[in-house]
Amino acid sequence: MQIVILKDAASVAEYGANIFIEQVNKKADSVLGLATGSTPVALYQELIKANQSGQVSFAESISFNLDEYLGLDGSHQQSYRYFMNEQLFNHIDIKQENTHVPPGDAQNPVDACLEYESAMANKGGVDVQLLGIGRNGHIGFNEPSSGLRSRTRVKTLTKETIDDNARFFSEGEYQPHLSITMGIGTILEAKKIVLLATGENKADAVRDMVEGPLAAICPASALQLHQDAVIVIDEAAASKLAHGEFYKHIESENQKLQSYLAELASQAK
Ligand code: F6R
């Protein structure tokens, strides 16, 4: 895991956005794994700015979202399809038909999960996957105790997640307690993973993900197995790490190595 600790949420968003911009500029038809929730909103704003200023084009890009509420169709204001249209897709040049969110209104949700996996595989798999993390360590809607090799499937939400997300629903409004989510095994197949976390309320989950044992009780700890997972966090989210200073030291050494390699490459030209 590469642990990048930055001063605030704005720097986290900018750092994360640059990874996506570089990826798409390198490979126009990149397959992007996307997430919803509060954390990625600032990153999406950076992507919108970059797209509208001509720094990057998503015209050839393909996207697959992590998860969707089961029981909501895409026109429902609390659905993740609606969220993605509002927060990103409607403001950039991605083709709507190239964007995929699990179908929350599928008549047969079990078949829909298999079809979602096939659609991703047919596009060659995810190049870069964006993740947030729940206070309970979930990634996607893989709640604690999810199988570390699980695939896209119907998943029951914990009370904690339902309570955390209640802020998006108005009083008395139906709030789903089931979801379709990519599995942990599915997520781990992405070629690169970028997880963002900001704020003190994520500090326990970040500590367990980075320094805790690899365990289904903290689904995000599965990222310890990935060969290219970048954890981008602000100081508040990093505040419970036992080895924060060491991670900062590694990063500064890493940057020196990158500059050296860039210098070597420019000399070779
Ligand atoms: C969203 C998702 C969730 C969120 C997590 C954090 O697609 O899969 O795992 O990333 O619940 O949510 P926020 O960013 O709202 O704290």
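The values are calculated or read from the model by the stated rules, or taken from the named source; none is laboratory data. All of these numbers come straight from a predicted model, not from anything done at the bench. Reconstructed Cβ throughout: ideal geometry from the backbone, glycine too, with neighbour counts over all protein chains shown. Areas reflect the complete protein model, heavy atoms only, side chains present, ligands, DNA and RNA absent. Shrake-Rupley method; radii C 1.70, N 1.55, O 1.52, S 1.80 Å.
In the stretch 114-123, the condition of being open to solvent by 50 Å² or more (accessible area, probe 1.4 Å), among the acidic types (Asp, Glu) and at pLDDT below 95 is met by no residue. For residue 151, the criteria (1) in a loop (DSSP other than H, G, I, E, B); (2) out of contact with any Asp or Glu (no Cβ under 9 Å at 6 or more places or on another chain); (3) among the charged types (D, E, K, R); (4) closer than 30 Å to residue 25 by Cα hold in every case but one, which is (2).
All of 136, 165 fail the test of being touching a residue at least 60 places away in the same chain (Cβ under 8 Å), within 12 Å of the ligand (Cβ to nearest atom) and open to solvent by 10 Å² or more (accessible area, probe 1.4 Å), apart from 136. When the stretch 168-191 is filtered for residues that are part of a helix (DSSP H, G or I) and either free of Cβ contacts under 8 Å to residues at least 12 places away in the same chain or closer than 18 Å to residue 70 by Cα (or both), only 168 remains.
Yes or no: the stretch 109-123 includes at least one residue that is within 16 Å of the ligand (Cβ to nearest atom), in contact (Cβ under 8 Å) with a residue 12 or more places away in the chain and not in a helix (DSSP H, G or I). No, the stretch 109-123 contains no residue that is within 16 Å of the ligand (Cβ to nearest atom), in contact (Cβ under 8 Å) with a residue 12 or more places away in the chain and not in a helix (DSSP H, G or I).
Among the numbered criteria (1) of a type outside the set (Asp, Glu); (2) within 30 Å of residue 106 (Cβ to Cβ); (3) surrounded by fewer than 16 Cβ atoms within 10 Å (Cβ to Cβ), which one does residue 264 miss? With (1) of a type outside the set (Asp, Glu); (2) within 30 Å of residue 106 (Cβ to Cβ); (3) surrounded by fewer than 16 Cβ atoms within 10 Å (Cβ to Cβ) applied to residue 264, the lone miss is (2).
Of the candidates 221, 239, the single residue that is closer than 27 Å to residue 151 by Cβ and either open to solvent by less than 10 Å² (accessible area, probe 1.4 Å) or touching a helix residue (DSSP H, G or I) at 6+ places or on another chain (Cβ under 6 Å) (or both) is 221. Residues of the stretch 139-162 that are more than 23 Å from residue 74 (Cβ to Cβ) and in contact (Cβ under 8 Å) with a residue 24 or more places away in the chain: 143, 144, 145, 146, 147, 148, 149, 150, 160.
Filter the stretch 47-103 for residues that are among the hydroxyl-bearing types (Ser, Thr, Tyr), under 16 Å from residue 33 (Cα atoms) and either open to solvent by 20 Å² or more (accessible area, probe 1.4 Å) or in contact with a Leu (Cβ under 8 Å, 6 or more places away or on another chain) (or both) and give the result. Correct list: 61, 63, 80. The residues on offer are 12, 41, 4, and the sole one that is more than 22 Å from residue 186 (Cβ to Cβ), in contact (Cβ under 8 Å) with a residue 60 or more places away in the chain and either among the hydroxyl-bearing types (Ser, Thr, Tyr) or within 16 Å of the ligand (Cβ to nearest atom) (or both) is 12.
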